[in-house]
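Participant: Let me give you the structure first, and then I'll get to my questions.
The values are calculated or read from the model by the stated rules, or taken from the named source; none is laboratory data. Just so we're clear, the structure is a prediction, and the values are computed from it rather than from any experiment. Reconstructed Cβ throughout: ideal geometry from the backbone, glycine too, with neighbour counts over all protein chains shown.
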Amino acid sequence: MRNTNLCIDSIEKCGILGVSHVIAQIVNSSVVIHGPKGCVYPAYEASINYPLNINYTEMCEKSTVFGGEHNVSEKIVDEFYENSPDLMAVITTCSSEIIGDDIDGLIKLANLPIPVIRVDGGGFLNTQTSGMNVAMRALIEKLCENGDNTYPLVNLISPVCISSSWQEDVKYLSDLLNEFGIKARPLFCNATVEDIRDYCRARLNVIICSPIGLDACEYMSRRFGIPYISLPYPIGAEKTEFFIKSIAEALQNKNDISPLLEEKRTAIKRKFNNGMGKVNTFRLFENIKKLKKMIVGPPEIALAYLRIIVNEFEDKIDTVIVKSLSIEDADEIKAKIKEVSSLTEVIITGDNQIVKESIQNLKPQVLLGSDTEYYFAKESCEPAYINICYPGAREIYFNRHPVAGYEGVLHFFEQWYNKIINRYY
Amino acid sequence: MSKEVESKIAMLSTLVKEVKADNLNIRDCIDMHQFCAFWGAFDILNYFNDVVILVHGPSGCLGNRRFLPAMGHLGECDNKPHLSTSFTNREVIFGGEKKLIDSLNEVNNQYNPKIIAVLTNCCADIIGDDVEGCIEGLPEEIRRKTIYLNSGGFSGKSYRRGTEMAFKLLAKHMPMDMHTSDKSDRNGEQKSVNLFLRRWIWDQTKQEEINEIKRMLEMIGVKLNKIFNQGISIEDFYEMQNAQLNVALCLFFGMGLFEELNNKFNIPYSKVTYPMGLFATKKWLNEIIRILQLDVNLEEIEEVKQLEEQRRKLVNEIGKGRKCIIWTQTGERMLALVKLAYELEMDPIVVGVEPSIVKDKLPIFEKEVLEDGLDVKVFASKYIEDVKGLIDYLGDPVIFCNNNYFPNQTVFKYRFAHNPVYGFNGTRKIYQEMFNALKRKSNKYSLFVEG
């Protein structure tokens, strides 16, 4: 086994991608990449699925040696007049971080009538995930002023781009909480600048896919006194119930929500059974159980899908590959997985080649992961493939459905069952 | 309107001359096919199945390189190791030389490749890690198989420069003793060429193009020596020195290698590129015939005669002198489409020309436009509304484009990445597609027609 502390085929992409993904969730926003041309690619990748104006400072040897501040000033103004954005983020890259151009000073000097923020994107400072965190925090730092931690609203921190259905998930969860008398809103999901200014008026922040949003929550806790909780991604009825209960508890909600929770749970089960018709015996559940199955994903996502499949679909997962760069959390992650399914083999790695080798050696018949893992698998087998995390652009969906919450149980079950039987039976 | 349209029209040769003379204040464009030098160098070294690339710097650049899944790419992705020394703050401050040395040992132990190629990205270059020194200090076994390139994108060098740098590096390490035959005269032995494919081509389309090129070469009595193709081995690469000529389907991409092979082994290369359409294919083959001094007359080949007949029919169908708009990426494909338009006796105008790409690909434009005299009108705008204004002004032009914004117009939309375009077979397919396009206006209800 290669020593991945020395050289790694990293599962993480560049910080610029994470930052750009967050900025792209703001209506009519622009990014100016302060760096060379190659560093524009992650911003372009973010703009494939979400509207985002892109500009860059054409950094070259001369600007690296003598400073590129003039170019930054010029491009900020260019971008403002070219696309009239409502918000602009100047994203630094490795080169501009090292030479230390004074971006904040230049932003101030430009004195544009829109918010312009500086966010560190450089790959030696940030990964895709930490890039998301710094962008969320930077937006709140810049735009939020008058906090109110008594305002009766719950902020759900969006797991931006973690999966193809993340937007549907957070919108659905907000609506679901409203049904329980808890007013909630998703953050960083098709937001306007004014929406973001209001983020500091809330009683509680909820992280649903840790660590996405952790920095922003800690910042809001310190500056505005808004507490936060971190909950498991609410995939499956059990964790959805836990999600609602935990938030109600954190808000010290005195209403009895148990009857509604039971009603929701019963309704989903009824819908499931009615949807089965009277041919349950002929369904292929037992056959599916015999197939070799694998989940590959970041910790929260892998665990969430393992729980629903094992606890609610009464099926098994042979292997879980957790994509994580954090060595410190490895034991904890493993213990959580074993608690759900003691016989499941657990591989924790931050290296794509280890993911590839594991998939190609184990040859799963059912694979839950991203398109990257699917392409790894395709070299040696052709599994039934269900996309659960980024990137997931291979299949086209115009009408996406949530996989989180009660509704998500059935949507995911449909995908699960149909994809597997169409592949094998 | 006519004055406004006319004021935006100039000749391509004027633009190329101005770019060459550096008279224009050109800002770079965001063309996602043209990244930085690091990407160019990586792409070339990554063609080889027995070269392992180790990037000295942060891993972000490599994560970005696996971009095809994010674009919903059809069938496959580059699954080869994308290894880096994964710089963090620590290496940027204290240097990453020790990590590089340890990593090189690790890569050699794990993969034992024929070649280990070290590419630096911005960080390692700016902090000034002594990559050469690190390699010098390695044990002999690893040192002699390790090559390196300072390829940080901060240098401002383009993707193309990166490919040239990589080719130069590879050619430098190409041993002379792989030269197994005498190129100058082999008494009747069949002459051979190396083929360089185009860049954005995959799957079945690529195989069909290779088959077609092989068939055409056989037609003139030439065999294919080696193809510079994904998955090539270092041995095959070394054996490229045994060909009498190098030919490319996209000279812009292959020229760096050809120049090196020419300098080092005196192998000439054909500067005629993009055999798309009957005339261009004949020109491409005739140049090979000329350089290799073959006794072949293409005009006597039955297939050529048939295609010429088809061409005449198509010209009649289109109408001689009919206006045509060409809207595609600036570069060889654009020039090839201009030639195709002339072959079909149309009067083309190119829209959306990017001066910065003309600057980056200047050798191609110099050769085709300034030396060979290919010229065409260019319309100085890339905005859809302006192009629509141009269409109204021109009447009923044929529009060559990748994305169709033009309902109720005659649109020739032929996806080059997914259709074989080269050679006589490619010509036949293009002609047929053009016949089809002429028979129908683009349907405004089609989901693939915007607006």
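Participant: Restricting attention to segment A:390-424, report how many residues are within 30 Å of residue A:14 (Cβ to Cβ) and of a type outside the set (Ser, Thr, Tyr). Before the answer, list the steps.
Facilitator: Here is the first cut: in segment A:390-424, the ones within 30 Å of residue A:14 (Cβ to Cβ) are A:390-398, A:400, A:402-404.
Narrowing the set further to residues that are of a type outside the set (Ser, Thr, Tyr) leaves A:391-396, A:398, A:400, A:402-404.
Residues meeting the conditions: 11.
Participant: I would also like to ask the following. Considering only segment A:366-386, how many residues are closer than 22 Å to residue B:83 by Cβ and part of a strand (DSSP E or B)?
Facilitator: 1
Participant: Can residue A:387 be described as under 30 Å from residue A:282 (Cα atoms), polar (S, T, N, Q), surrounded by 19 or more Cβ atoms within 10 Å (Cβ to Cβ) and within 14 Å of chain B (Cβ to nearest Cβ)?
Facilitator: Numbers: under 30 Å from residue A:282 (Cα atoms): yes; polar (S, T, N, Q): yes; surrounded by 19 or more Cβ atoms within 10 Å (Cβ to Cβ): yes; within 14 Å of chain B (Cβ to nearest Cβ): yes.
Yes; evaluated as a whole, the condition is true for this residue.
Participant: Still on this structure: Output the residues belonging to segment B:259-295 that are more than 15 Å from residue B:216 (Cα to Cα), polar (S, T, N, Q) and crowded, with 18+ Cβ neighbours inside 10 Å.
Facilitator: B:270
Participant: Here's a follow-up. Among the numbered criteria (1) more than 22 Å from residue A:46 (Cβ to Cβ); (2) touching a Phe, Trp or Tyr at 6+ places or on another chain (Cβ under 6 Å); (3) in a loop (DSSP other than H, G, I, E, B), which one does residue B:58 miss?
Facilitator: Condition (1) is where residue B:58 drops out.
Participant: Confirm whether residue B:323 is out of contact with any Phe, Trp or Tyr (no Cβ under 6 Å at 6 or more places or on another chain), within 12 Å of residue B:377 (Cβ to Cβ) and crowded, with 19+ Cβ neighbours inside 10 Å.
Facilitator: On the way: out of contact with any Phe, Trp or Tyr (no Cβ under 6 Å at 6 or more places or on another chain): yes; within 12 Å of residue B:377 (Cβ to Cβ): yes; crowded, with 19+ Cβ neighbours inside 10 Å: yes.
Yes: the conditions hold for residue B:323.
Participant: Pairs please, first residue from segment B:296-312 and surrounded by 11 or more Cβ atoms within 10 Å (Cβ to Cβ), second anywhere and outside any helix (DSSP H, G or I), Cβ atoms under 8 Å, 6+ apart in sequence or on different chains.
Facilitator: Matching pairs, first to second residue: B:296/B:220; B:296/B:221; B:298/B:220; B:311/B:344.
Participant: In addition: Here is a check on your reading of the model: is residue B:116 over 19 Å from residue B:45 (Cβ atoms) and at pLDDT 95 or above? Full working, then the answer.
Facilitator: Details: over 19 Å from residue B:45 (Cβ atoms): no; at pLDDT 95 or above: yes.
So residue B:116 does not fit the description; no.
Participant: Mind checking which helices (runs of 4 or more DSSP H) fall wholly inside segment B:181-294 and carry at least 1 residues that are of a type in the set (Phe, Trp, Tyr)? Steps first, answer last, please.
Facilitator: Working: elements: B:203-219, B:234-238, B:251-265, B:278-291.
By residue number, B:234-238, B:251-265, B:278-291.
Participant: Of all residues in segment B:410-451, how many are touching a helix residue (DSSP H, G or I) at 6+ places or on another chain (Cβ under 7 Å) and farther than 30 Å from residue B:251 by Cβ?
Facilitator: The number of residues fulfilling the criteria is 2.
Participant: Restricting to strands (runs of 3 or more DSSP E) lying wholly in segment A:267-365: which have 1 or more residues that are basic (Lys, Arg)?
Facilitator: On the way: elements: A:293-297, A:319-323, A:345-349.
Passing ranges, in order: A:293-297, A:319-323.
Participant: Does segment A:99-109 contain any residue that is crowded, with 19+ Cβ neighbours inside 10 Å and in contact (Cβ under 8 Å) with a residue 40 or more places away in the chain?
Facilitator: Yes, the conditions are met somewhere in segment A:99-109.
Participant: Taking segment A:130-150, which residues are surrounded by fewer than 19 Cβ atoms within 10 Å (Cβ to Cβ) and either of a type in the set (Val, Ile, Thr) or outside any helix (DSSP H, G or I) (or both)?
Facilitator: The answer is A:145, A:146, A:147, A:148, A:149, A:150.
Participant: Given (1) aromatic (Phe, Trp, Tyr); (2) more than 8 Å from chain A (Cβ to nearest Cβ); (3) crowded, with 18+ Cβ neighbours inside 10 Å, identify the lone condition not met by residue B:87.
Facilitator: Going through the list (1) aromatic (Phe, Trp, Tyr); (2) more than 8 Å from chain A (Cβ to nearest Cβ); (3) crowded, with 18+ Cβ neighbours inside 10 Å, residue B:87 breaks only (2).
Participant: Quick check on segment B:118-130: of everything there that is closer than 16 Å to residue A:6 by Cα and among the aliphatic types (A, V, I, L, M), which residue is surrounded by the fewest Cβ atoms within 10 Å (Cβ to Cβ)?
Facilitator: Across segment B:118-130, the extreme among qualifying residues is B:118.
Participant: Looking at A:16, A:48, A:11, A:23 in this structure, which one is under 26 Å from residue A:166 (Cα atoms) and surrounded by fewer than 22 Cβ atoms within 10 Å (Cβ to Cβ)? Even if it seems obvious, please write down each step before you answer.
Facilitator: On the way: A:16 fails: surrounded by fewer than 22 Cβ atoms within 10 Å (Cβ to Cβ); A:11 fails: surrounded by fewer than 22 Cβ atoms within 10 Å (Cβ to Cβ); A:23 fails: surrounded by fewer than 22 Cβ atoms within 10 Å (Cβ to Cβ).
Sole residue among the options that is under 26 Å from residue A:166 (Cα atoms) and surrounded by fewer than 22 Cβ atoms within 10 Å (Cβ to Cβ): A:48.
Participant: Being aliphatic (A, V, I, L, M), part of a loop (DSSP other than H, G, I, E, B) and over 27 Å from the mean Cα position of the chain (by Cα) narrows it down to one of B:390, B:447, so name that one.
Facilitator: The match here is B:447.
Participant: So, one more: Quick test of your reading of the structure: residue B:41 fulfils all but one of (1) surrounded by fewer than 20 Cβ atoms within 10 Å (Cβ to Cβ); (2) more than 7 Å from chain A (Cβ to nearest Cβ); (3) not β-branched (Val, Ile, Thr). Name the failing condition by number.
Facilitator: (1)
Participant: Next up: Hey, can you tell me all the residues within segment B:92-105 that are more than 7 Å from chain A (Cβ to nearest Cβ) and either on the phi < 0 side of the Ramachandran plot or of a type in the set (A, V, I, L, M) (or both)? Don't jump to the end; show me each part of the working.
Facilitator: First, the residues of segment B:92-105 that are more than 7 Å from chain A (Cβ to nearest Cβ): B:93-98, B:100-101, B:104-105.
B:93, B:94, B:96, B:97, B:98, B:100, B:101, B:104, B:105, listed by residue number.
Participant: Here's something else I'd like to know. Which residues, counting only those in segment A:166-207, are of a type in the set (S, T, N, Q) and either crowded, with 22+ Cβ neighbours inside 10 Å or over 20 Å from the mean Cα position of the chain (by Cα) (or both)?
Facilitator: Going through segment A:166-207, the residues of a type in the set (S, T, N, Q) turn out to be A:167, A:174, A:178, A:190, A:192, A:205.
Correct list: A:178, A:205.
Participant: Among the residues of segment A:218-267, count how many are within 30 Å of residue A:137 (Cβ to Cβ) and of a type in the set (A, V, I, L, M).
Facilitator: Total satisfying the criteria: 10.
Participant: Here's a follow-up. Is at least one residue of segment A:343-355 loosely packed, with under 14 Cβ neighbours inside 10 Å and under 30 Å from residue A:276 (Cα atoms)? Explain how you work it out, then say what you get.
Facilitator: Of all residues in segment A:343-355, those loosely packed, with under 14 Cβ neighbours inside 10 Å come to A:343.
After this cut, where a residue has to be under 30 Å from residue A:276 (Cα atoms) as well, the list is A:343.
Yes, segment A:343-355 has at least one match.
Participant: For segment B:106-153, give me each residue that is within 12 Å of chain A (Cβ to nearest Cβ), assigned to a helix (DSSP H, G or I) and not polar (S, T, N, Q).
Facilitator: B:106, B:107, B:111, B:122, B:123, B:124, B:125, B:126, B:127, B:153
Residues checked against (1) out of contact with any helix residue (DSSP H, G or I) (no Cβ under 6 Å at 6 or more places or on another chain); (2) farther than 26 Å from residue A:137 by Cα; (3) more than 7 Å from chain B (Cβ to nearest Cβ); (4) assigned to a helix (DSSP H, G or I):
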| residue | (1), (2), (3), (4) |
| --- | --- |
| A:2 | no, yes, no, no |
| A:18 | no, no, yes, yes |
| A:30 | no, no, yes, no |
| A:42 | no, no, no, yes |
| A:46 | no, no, yes, yes |
| A:55 | no, no, yes, no |
| A:64 | no, yes, no, yes |
| A:76 | no, no, yes, yes |
| A:79 | yes, no, yes, yes |
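Participant: Separate question: Report every pair of residues separated by at least 6 positions or lying on different chains whose Cβ atoms are under 7 Å apart, first residue within segment B:51-62 and more than 7 Å from chain A (Cβ to nearest Cβ), second of a type in the set (Lys, Arg).
Facilitator: Qualifying pairs under 7 Å: B:51/B:114.
Participant: Ok, one more. Can you run down the residue pairs with Cβ atoms below 9 Å, 6 or more apart or on separate chains, where the first is in segment B:1-21 and at pLDDT below 95 and the partner is loosely packed, with under 14 Cβ neighbours inside 10 Å?
Facilitator: Hits for this filter: B:1/B:392; B:5/B:392.
Participant: Can you pull out every residue in segment B:63-84 that is more than 7 Å from chain A (Cβ to nearest Cβ), not in a helix (DSSP H, G or I) and not hydrophobic (A, V, I, L, M, F, W, C)?
Facilitator: B:73, B:75, B:78, B:80
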